[in-house]
Structure formats: structure tokens, C-alpha cells
Amino acid sequence: MPTSPRSEPATLFLLAHPDDEFGCFESIRRIVGTGRRVAIVYLTDGGSDPAMVSRRMTESRQVLARLGVCADDLHFIGALARFPDGGLHRHLKAAWLACQSFCDAHGPFDAIYVPAWEGGHPDHDATHALAVLLARKQGIPDVFQFSLYNANAVPKPFFRVLSPLAENGERIRLPIPWRARFHYLRLCLSYPSQWKTWVGLLPFVAPKLLIGGNYCLQRTNMARLEQRPHGGALLYESRGWLTWPAFESELRHFLDSVSV
């Protein structure tokens, strides 16, 4: 049942999959630490079968509880609507309506954090587009993007992790305290259902956290939705998941159908 909008604005984290939060642990920790309300929304079901969907939801609940996020502040819209992992770009209009309904029921929000426009995973880029439009529609002033992974300027099959694209603008660095660096690394090991993914990610994430010692944010830009995320093959193209023209076609069709 929808709830009445609350008076104090909250921060919305709009994510594609359970475990995408690994790219914004520090932002979540800082915001929760101030006592502000957060809402974390997942826009795909995250799995190919009900058992996997349930496991991934449970893992994210447990991880985020260790960052002080209440289970009631996690919302698995994608699982309820059955927006498939890897297929959000085919359900943009339905996801758009679901996002607006969520904001009307659980807002107001004065900031959104979302995966970057970087060509790493089509669901990340689809979620990014929805966040940018949602902010304009709802009058949300601050929208920040964070990198997860991309294939910019690296040969196949390699990729970059937590590496913001220069095309996305100025980087805002968030230094991570030493204790939090080790804490986040342990949290990255708390997604056993995704062990195959983390075998590839962890060798890149660990030095970024322990040696780099910061996360980066960038403000979003509506104009970027008209642009290929970066030159060369996108990661989801090189992996054979989807082509940019196919993604762009779905996105253009969606953008032409909405008014913001």
C-alpha cells in the first residue's frame, strides 16, 4: 500500500541489481551516518530463477544492514515487476512508471545516486537514463553517478573497475577511512551467489579500495544520453550481451514516448 510522502527529503539510490551497491558503499555510509533517510531501489530481478532472485535479495539486505541501512528501506521493484536481469532496456516504459509511483509514495527525494553512463552493463545504462529523467520529472536537484565497470581504452577481454569516464565530467573524490576500506573489502566477499562475477571483479576492486583509498562521483548530464558512453567496443558489446545500436534503439523509442 502506498504511504504518504514524508516531510524530510531523503536520498534515493537507484540500482540495477543486488550487489551494485559495492560502487557506492562510502556514499551510503556517509549519508546514513548523518541520520538522513535513504531508499535503495533495485530495478531488475537480478536472477534467472526464483531461488537466485531470493538469494541476491538476502545478500544485499545483509550487506546493507552492516552499513546501517534498515531492511524497510530496500525496495526490490524489479523482482516484483519481473524486469529481467540483462533486459531492463526492453522494459523502460514500465520501469519509468514504477519509479514515478515509488517517488510519489516514498518521497520527497533531494538527491539520486545511480550507476554511471559507461557501457559496462546495459542494465546500468538503462537505470542511469531512468534516474536522469526521474530527477527532471520530480524536480530532484542533485544526481550523482558512480562507476562500476567499463571497457574504455582496454583491449578485449579486459575491463576497468571503479574507473570514471572523463566524458562524464569532473570527478568528486570521496576519501575512504582505513577501517572502512577493509570493511568494504569484506562486504565485497559477502555475495556468494555471485562468486563467478567477483572472481573477475575482486582483483581490481581490492587495490582500488586499499591503495587508491577513494570512491569517485560525477554529476549526471542529460546530454550524455544522446552519446555513446565511450569510443571503441562497450563492455557489453565485447561480451556479446547486446550491441550499442540495439540498446540505443530501445532508449530512443522510450525517450520519444515520455514527457519530462
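Just so it is clear, none of the values below were taken in a lab; they were calculated from the coordinates. Since the model is a prediction, treat every value here as computed from it, not as a measurement. Cβ placement follows ideal geometry from the backbone for every residue including glycine, while neighbour counts extend to all protein chains displayed.
So for the chain: antiparallel DSSP bridges make up what percent, rounded to the nearest 5? All intermediate terms of the calculation are to be shown ahead of the outcome.
Numbers: 8 of 24 bridges.
Expressed as a percentage, antiparallel bridges in the chain total about 35.
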Seminar exercise, completed: Per the charge dipole of the range 105-228 (beta-carbon charges, Lys/Arg positive, Asp/Glu negative, Cα centre), the residue among PRO207, TYR191, VAL132 reaching farthest to the positive end is PRO207
For this session: Name the residue farthest towards the positive end of the dipole of the chain from the options PRO9, GLN62, TRP96, assuming +1 on Cβ of Lys and Arg, -1 on Cβ of Asp and Glu, about the Cα centre.
Result: GLN62
Problem set entry | Sequence-distant lysines (8 or more away, or on other chains) whose Cα lies within less than 23 Å of LYS137 | LYS93
For this session: Please list, or write none, the lysines whose alpha carbon is within less than 22 Å of the alpha carbon of LYS196, excluding same-chain residues fewer than 8 places away.
Result: LYS156, LYS208
Seminar exercise, completed: To the nearest 20 debye, the chain has a Cα-centred charge dipole, built from +1 on Lys and Arg Cβ and -1 on Asp and Glu Cβ, of 660
Exercise. If the viscosity is 1.002 mPa s and the temperature 20 °C, what Stokes-Einstein diffusion coefficient in µm²/s follows for the range 10-257 when Rh is the Kirkwood radius over Cα pairs?
Worked result: 119
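With +1 on each Lys and Arg Cβ and -1 on each Asp and Glu Cβ, how big is the dipole of the range 1-89 about its Cα centre, in debye rounded to the nearest 20? Walk me through the intermediate numbers first.
On the way: 10 positive and 11 negative charges, 60 e Å.
Roughly 280 debye, rounded to the nearest 20.
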Problem set entry | Cβ-based charge dipole, the range 10-257, positive-most Cα from ALA180, ALA166, THR243 | ALA180
Problem set entry | Once exposed loop chymotrypsin sites (Phe, Trp or Tyr not before Pro) are cut out (DSSP; at most 15 other Cβ, 10 Å), longest piece of the chain | 1-157
For this session: Express in whole angstrom the spacing between the alpha-carbon centres of the range 8-41 and the range 139-204.
Result: 15
Exercise. Counting Lys and Arg as +1 and Asp and Glu as -1, each charge on the Cβ, what is the dipole of the range 18-70 about the Cα centre in debye, to the nearest 20?
Worked result: 360
